Structure formats: C-alpha cells, structure tokens
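A short worksheet on the structure shown next.
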Amino acid sequence: MNESPILLMAPLHGPTQEKLESRHTVHRLWEAPDAGALIASLADTCRVVVTTGGKGIDAATMARLPKLALVACFGVGVDAIDLGYCRKHGVAVTNTPDVLTDEVADLALALLLATVRRIPYGDRFVREGRWLKGGMPLTQSLRGRKVGIVGLGRIGAAIGRRCEPFGTTIGWHGPRAKPGVGWQYFDDVVELARWADVLIAACPGGPETHRLISRAALEALGPEGIFVNIARGSVVDQAALVELLGKGKLGSAGLDVFDDEPNVPQALIEMENVVLQPHMGSATHATRTEMGRLVLENVAAWSEGKPLVTPVA
Ligand code: NAP
C-alpha cells in the first residue's frame, strides 16, 4: 500500500479502479459529501490525481493540492486538464495513447458507413414493419468519394488507412505538412472541406482547435457532404452543424462527441440524416483494459521514481 493518497476525479473502468484501490489509498471525489472539504483534507499529502479524458482537472482544483506531482489521465485526449498550470507548476501528465487508436478508428469507419448507408434507418425500417409495404429508399455510396481528415495523428492516420480500401481518395489538414505522407495536404480546413465529400474530425480538443470546423467549413462541405466527429464536440460549431443539417445545407453526420455531454440537442435526436453514439470511440472491454493498464503503470512508475511510461510531451 503506497502512503501517498490518490484523488480519483471520476469513476474509472471498473477493473482498473479495483486494481488502483487495492494498491493505493484512493479518495473518490464524486462520492464525497463535501468535495471542497475532501480536497482541503488532502492538501498536505496528495501527490497523484487520476482522472478521465472527459473529467480532466482544472487549475483551481490543482492549486488547492500544492503537493501535486502527477495527473494520470485515463484517455488520450488531455484537453480537460489545464496543461498550462501543469507546465508552470512542474506537474507531470500522462495519458493512454496508441492502445485505443484502432478502436477509435474502427468507430469512425462504422459511423461513416452507418451514415452513408443509413444503417440505423434501415434497422428501424425492418423493425417497424415498413419493409412489408415496400423497399427502403436507395442510399448514397462511399466508393469514389473524397475523404478529408482534420488532424492526421495516430487516430487520423488509422482512419485514412481504413478508408482507402473503400475506394476513397484521402486529403487532410493539420498545423503543418508532414514529409512522407502520400495524401494531399490542405493548409486551410475550409479548403479541405470544399474539396471533400466527407470530413472526419480526428484532432485534439482544447483552445487551439475550438470551433476549427466552422460554419464556413460545414457550408463548404455542402448539401451532399458528410461530417463525422470522433474528436471532441468543441472542435465543431455545433449550433451551425445543427442548423445546416436541419436546412439541408449539410447532407448528414455521424457523431460520437458533443459540446455538453451527455446532453445532445433535441434537434439532432430527431434528425433522420444523423447517426449518434454516446462517446464510445475507445469503449470496448479490451481497449479500456489496455488504457487502465497504462494508467496503473504510470502511477506505479511515478511511485517507484522510474520514468513515466506515457508522459504527455
Ligand atoms: P495525436 O496522435 O496527438 O493526433 C492529433 C493530431 O491532431 C496531430 O496530428 C496534430 O498535428 C493534429 N492537430 C493538432 N492541432 C491541430 C489543429 N489546430 N488543426 C488540425 N490538426 C491538429 O492524437 P490521437 O491519439 O490521434 O487522438 C486524437 C484525438 O482524438 C484526441 O485528442 C481525442 O480528443 C480524440 N479521441 C476521441 C475518442 C473517442 O472516444 N471519440 C477516443 C480517443 C481519442 P501534429 O501531428 O502536426 O502535431
């Protein structure tokens, strides 16, 4: 049992949380009757916070834990952690890269195919007995279309590799061109959207990408265009997305992430041209187990004074 208590910001993948709690004294913030009092009670002793990509930790909370040395994040996206504070105060941050890449890319393709081929609509069409009265309307095809990927990192590149066998052409946008990438680079996201039939967001969230996929980009994608988001709700202008989908100025969308999860605008819920998922990109037993392994290994490495396994640069 490690002496330094750990503050756990939000519930983790069950088996990971069990292992963490069997090895350390863990305080569950969300169960505390008085969260402020719990944090105050840990001010002199807590050196490690474990959190999730969705929950993160803000500067005000960290400031109340002056001994804090490590924030271990269950998730690759660290946009909900105040990295500026961490850098300034020497707090190390770890995340869970690579182990979730394939799973999230798979979900992006599943959302893309479900949107193009209207799979949830077809499912309802059969269940509601509408097939008995006539066939379902024809759908669009993915073959021959241009796919624009916003953020060509681990997940974005894995999405591109999956799209190619479907007979698509890939283009991408990111902060800088990368040598050795064979796909066409666009230095402007609106230009990428104008070129593309499908736009897939795979960049990080946070201030630098806030509303990067703007109204102008969605309008450039156009009435036949398909938008897929497995990145973060913050990277797209959600109000414009809802409006343009509703007016037929954007064709359809497959969405795993939203502005104010788990709240999804009612307008999106009612649209037939939208496929929705409750932030399930990495949410399989196998991948969550691997993510948990990395969290535990990072906490163990820090406790033993060893190099962190997956530090955030
Ligand atoms: P990554 O390898 O760090 O890739 C992120 C990519 O985004 C990098 O290529 C980076 O460019 C690019 N980027 C940075 N700023 C950008 C900007 N302003 N405009 C366009 N592109 C920008 O991360 P990853 O492992 O692929 O994960 C990407 C994101 O996916 C995460 O941050 C998270 O938000 C999201 N995610 C979602 C789920 C889900 O469940 N839906 C699960 C996991 C992750 P450079 O290469 O030039 O730095």
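The values are calculated or read from the model by the stated rules, or taken from the named source; none is laboratory data. None of these values were measured; they are calculated from a predicted model. Here Cβ is always computed from backbone atoms with ideal geometry, including for glycine, and neighbour counts include all displayed protein chains. With ligands, DNA and RNA removed, areas are computed over all heavy atoms of the protein, side chains included. Shrake-Rupley method; radii C 1.70, N 1.55, O 1.52, S 1.80 Å.
A compact table of results
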| quantity | calculated |
| --- | --- |
| Some residue of the stretch 107-116 being within 13 Å of the ligand (Cβ to nearest atom) and not hydrophobic (A, V, I, L, M, F, W, C) | no |
| Failed criterion for THR51 (all others in (1) surrounded by 14 or more Cβ atoms within 10 Å (Cβ to Cβ); (2) away from the ligand (no atom under 16 Å from the Cβ) hold) | (2) |
| Residue match in the stretch 92-107 (condition: without any contact (Cβ under 8 Å) to a residue 40 or more places away in the chain and either out of contact with any Leu (no Cβ under 6 Å at 6 or more places or on another chain) or not assigned by TED's automatic domain parsing to the domain that holds MET271 (or both)) | no |
| The listed residue being farther than 25 Å from ASP260 by Cβ and of a type in the set (A, V, I, L, M, F, W, C), out of VAL99, VAL76 | VAL99 |
| Any hit, the stretch 152-162, residues being under 19 Å from the mean Cα position of the chain (by Cα), crowded, with 20+ Cβ neighbours inside 10 Å and not in a helix (DSSP H, G or I) | yes |
| Any hit, the stretch 276-284, residues being among the polar types (S, T, N, Q) and over 24 Å from ASP106 (Cα atoms) | no |
| Matching residues in the stretch 262-300 - criterion: being open to solvent by less than 40 Å² (accessible area, probe 1.4 Å) and not in a loop (DSSP other than H, G, I, E, B) | LEU268, VAL274, VAL275, THR287, MET291, GLY292, LEU294, VAL295, LEU296, ASN298, VAL299, ALA300 |
| Tally of residues being open to solvent by 10 Å² or more (accessible area, probe 1.4 Å) and closer than 28 Å to ALA283 by Cα across the stretch 60-74 | 2 |
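Listed here are the residues, each with its yes/no results for (1) in contact (Cβ under 8 Å) with a residue 40 or more places away in the chain; (2) within 14 Å of the ligand (Cβ to nearest atom).
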{"site": "PHE125", "(1), (2)": "no, no"}
{"site": "GLU128", "(1), (2)": "no, no"}
{"site": "TRP131", "(1), (2)": "no, no"}
{"site": "MET136", "(1), (2)": "no, no"}
{"site": "ARG143", "(1), (2)": "no, no"}
{"site": "GLY148", "(1), (2)": "yes, yes"}
{"site": "ALA158", "(1), (2)": "yes, yes"}
{"site": "TRP172", "(1), (2)": "no, yes"}
